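J.: Can you keep this structure in mind? I'll have questions shortly.
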Amino acid sequence: MEKDMFWKNVSLLLKNKKISQEKMCEDLGMSIYTLRSSISKQVLPRVDVAKTIADYLDTSVDFLLTGKESNEYKERLENLKTKIENIIQEEGK
């Protein structure tokens, strides 16, 4: 279930990074009570909050939901970046 996986992965990453729930909430301006309520009730956060948490934990929302990092989009973005850089270099000559 995505809800269960989301909070499980958040907890795992917090533990691995040695960051408490309180510290994350303080850093992100979130209420610890809201966080704990969401976890206990297995409520997924709004998309913007999920993205904020993922960014804070240096991961993706995709990873938080599935436990797997999606590299397909990263590869496509890197390819596009390389193509754009090449075009800019060619135009500068």
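J.: Could we say that Ile84 is under 19 Å from Glu22 (Cβ atoms), at pLDDT 90 or above and either open to solvent by less than 100 Å² (accessible area, probe 1.4 Å) or not in a loop (DSSP other than H, G, I, E, B) (or both) here?
T.: The answer is no for Ile84.
J.: Sticking with this structure for a sec: Taking Glu69 as meeting all but one of (1) open to solvent by 70 Å² or more (accessible area, probe 1.4 Å); (2) in contact (Cβ under 8 Å) with a residue 12 or more places away in the chain; (3) not in a helix (DSSP H, G or I), write down the number of the exception.
T.: So the condition that Glu69 fails would be (2).
J.: Among the residues of the stretch 41-59, what is the count of those that are within 14 Å of Glu2 (Cα to Cα) and of a type in the set (Gly, Ala, Ser)?
T.: The qualifying residues number 1.
J.: Pairs under 7 Å by beta carbon, first residue touching a residue at least 24 places away in the same chain (Cβ under 8 Å) in the stretch 26-41, partner in a loop (DSSP other than H, G, I, E, B), six or more apart or different chains?
T.: Going by the 7 Å Cβ cut-off, the qualifying pairs are Ser38/Pro45.
J.: Okay, next question. Tell me, yes or no, whether the stretch 39-47 has at least one residue that is open to solvent by less than 70 Å² (accessible area, probe 1.4 Å) and assigned to a helix (DSSP H, G or I).
T.: There is at least one residue in the stretch 39-47 that is open to solvent by less than 70 Å² (accessible area, probe 1.4 Å) and assigned to a helix (DSSP H, G or I).
J.: Just to check your reading of the model, which residue among Thr34, Thr59 is open to solvent by less than 90 Å² (accessible area, probe 1.4 Å), assigned to a loop (DSSP other than H, G, I, E, B) and β-branched (Val, Ile, Thr)?
T.: Thr59
J.: Let me ask you something else. Going residue by residue through the stretch 4-14, is there one that turns out to be out of contact with any strand residue (DSSP E or B) (no Cβ under 8 Å at 6 or more places or on another chain), open to solvent by 50 Å² or more (accessible area, probe 1.4 Å) and not in a helix (DSSP H, G or I)?
T.: no
J.: For residues that are within 22 Å of Leu65 (Cβ to Cβ) and loosely packed, with under 14 Cβ neighbours inside 10 Å, tally how many sit in the stretch 15-26.
T.: 3
The values are calculated or read from the model by the stated rules, or taken from the named source; none is laboratory data. This is a predicted model, so every value here is computed, not measured. Positions of Cβ are backbone-derived with ideal geometry, glycine not excepted, and every protein chain shown enters the neighbour counts. Heads up: the accessible areas ignore ligands, DNA and RNA and are worked out on the full protein's heavy atoms, side chains in. Shrake-Rupley method; radii C 1.70, N 1.55, O 1.52, S 1.80 Å.
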